[in-house]
Each structure stands twice: as structure tokens, then as C-alpha cells.
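The values are calculated or read from the model by the stated rules, or taken from the named source; none is laboratory data. All values reported here derive from a predicted model rather than from experimental measurement. Cβ sites come from the backbone with ideal geometry, for glycine too, and all protein chains shown count toward neighbours. The area values use the complete protein model at the heavy-atom level, side chains included, leaving out ligands, DNA and RNA. Shrake-Rupley method; radii C 1.70, N 1.55, O 1.52, S 1.80 Å.
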Amino acid sequence: MKLSVVIPCRNEAENLAFLLDEVDNAMKERDYEILVVDDGSTDDTPKVLFERMSEGKPLRHIRHDRSAGQSAAVRSGVFAASGDIILTIDGDGQNNPVYLPKLADALIAAGPEYGLAAGQRLKRTDTKLKQLSSKLANKLRQAILKDNTRDSGCGLKAIRTELFRQLPFFDGWHRYLPALVLREGFKTTHIDVVDRQRVHGHSNYGILDRGLRGILDLYGVWWLRRRRKVVPKVTEIKAKGEK
């Protein structure tokens, strides 16, 4: 089973320099590809990626001509991927790639009724303000959507490619994947992960993106869930003797 690692990033050249080595090391026993979706970076990201591709690494550079946001970057990677399962990880180096194969294994082991394996962060390393805003947002989301997920904002996820491409897209969708997968009739399994400190740079997607606009997104996902109350099991009935 081929795995596609999608890394959305913007101006993360210094972090990609070591993160991509870590991803290669974590995935060395698997059939995999890495897709770095460069969301209109203005730093040395293209140079870093070109040098690695010239070395024959299983790396693809997907570039936006301008910044469109993390959700759009994830989506571009999803539709460009050739793997059966998509693994997502943030490009800032805070997510540890060692969890990528564990997520893939957890999803496969869970069975076909599960569409998503999601990381749940322990020992958060973000600022106190980010941690507080995330905690409040997760509590509100769980109360309204009942998606049985403690931390939907973790960048580490594994999801079946065909299912990922069926999910309704909107800016912010990557923070609501458990609820959107549930809407399609699939379940989510979880594994605990430990975040790391950012080594270089600063976040390009701020608290405003995750906070104020998240309230509107939350209402939108609630509405989408209510508009699909029944998910039928679809089978094709064939003629006698037809395979």
C-alpha cells in the first residue's frame, strides 16, 4: 500500500532542511512519496526542494503562485497524491515524523469502517495563549459536533485518499476532519503524539485564523452534518453469473 506524505508549508526552508530527512528516515521501510506544498513561499524553499529532488529523493514540489492558506495547501497535496493513504504533517517541524508510519498502521489495523487516524497532542509546546485558545476551541467543537476527538487541530493525520477527496472543502477544513469523516459514515481512531519546539521562524497561520473565523467554520460543519442524516451502504447488484 503506497503512502503519500503531504506537507503544507510557507516560508519554512530552514525547518524543511531537517524535517524532510526525518520523514525519509521514518518512512524508509514503506512505499511512499513526499509532497511539499509550497504555499507561495518567498524564502529559499524552492532551492531546498530542488536540491533534494536532484539527489533522487522521493519528493515532489507542488507550488502555489501565491499564498492561499494551509487548507488550500493540504487540498492541493491531496489531489496531487498518488498513494492509497495520505499522511499529513505540518512543515514547521513541531510534528515528529516518527508518528507517520504509526498513524498509517493504526488506520489499516482499525478496519474499513475507519476512515481517519488522528494524532492527539500531549505536552503542548505552543505559547500559553495558543494552548488556551486551542483548548477552548476543542471543547466547543466537541460539544457541538460530538466528533469524539480531543484535539482536531493536530497536523498529524492519516486518511484514505479516496475518502479525503470526497470531503466538502472550505477554508479551515483540515481542523474538522473527524467530523467530516463521520459525516461520510466513517469512524476515527486516535494515537497520542508529543509535539516539539519550533526550531526556526514563527507561525505563518495565526490565532485569528484558528479562533474568530473558526466560530463560523464550526457553524458551517454543524450545518453540513445536519444536512446528511443518513449514509446508506451502497452495493451494486449484478446479473446472475456476472462477476
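For Arg165, the shell of other residues with beta-carbons less than 14 Å away shows a net charge of -1, using +1 for Lys and Arg and -1 for Asp and Glu. Could you work out how far apart the two model spin labels at Glu22 and Lys57 are, taking each label as a point 7 Å from the Cα in the direction of the beta carbon, and quote it in nm? Each label point is offset 7 Å from its Cα along the Cβ direction, giving 1.3 nm. The stretch between Glu184 and Asp31 holds 52.3 nm of extra length on full extension. This uses 0.36 nm per residue minus the Cα-Cα distance.
Across the cross-link table entries Lys157/Lys233; Lys146/Lys187; Lys139/Lys233; Lys2/Lys238, which are compared at the Cα atoms, the separations over 22 Å belong to Lys157/Lys233; Lys139/Lys233; Lys2/Lys238. A simple spin-label model places pseudo-atoms 7 Å from Cα toward Cβ; at Ala68 and Glu236 they are separated by 3.1 nm. Just to confirm a number: summing +1 for Lys and Arg and -1 for Asp and Glu over residues other than Gly155 whose beta-carbon lies under 11 angstrom from that of Gly155, what do you get? Surrounding charge for Gly155 is -1.
How compact is the chain by the rule of thumb for globular proteins, expressed as Cα Rg over 2.2 N^0.38 Å? The value comes to 1.02. Relative contact order of the chain: 23 percent, from C-alpha pairs under 8 Å at least 6 residues apart in sequence.
Database remark: amide H of His190 closer than 5 angstrom to the amide H of Ala118 (H placed geometrically; neighbours at sequence offset of 5 or more, or on other chains; Pro and chain starts carry no H). Per residue, the chain reaches -12000 deg cm²/dmol at 222 nm when only DSSP H runs of four or more residues are counted, each adding -39500 (n - 2.57).
For Lys102, the aspartates and glutamates whose Cα comes closer than 19 Å to its Cα, not counting residues fewer than 8 places off in the same chain, are Asp21, Glu22, Asp24, Glu29, Asp31, Glu33, Asp84, Asp90, Glu113, Asp151, Asp192, Asp195.
Subtracting the Cα-Cα distance of Ile144 and Phe169 from 0.36 nm times their residue separation leaves 7.0 nm of extension gain.
Once the piece of chain linking Arg196 and Phe79 is laid out straight, how much longer is it, given 0.36 nm per residue of separation minus the C-alpha distance between them? It would help to have the intermediate numbers written out before the result.
On the way: separation 117, 0.36 × 117 = 42.12 nm, distance 2.88 nm.
Fully extending the segment from Arg196 to Phe79 adds 39.2 nm.
Let me check I've understood the local charge: for Asn15, count other residues with C-beta under 10 angstrom from its C-beta, Lys and Arg +1, Asp and Glu -1. What total comes out? Here the charged neighbours net out to -3.
Once you reduce the range 60-101 and the range 31-56 to the center of their Cα atoms, the two points are 11 Å from each other. I want to verify a result. In a Gaussian network model of the chain, Cα cutoff 10 Å, which of these has the top mean-square fluctuation: Asp105, Asp65, Asp171? Its mean-square fluctuation being the largest, the pick is Asp65. Averaged over its residues, the chain has an accessible area of 52 Å² per residue, based on protein heavy atoms and a 1.4 Å probe.
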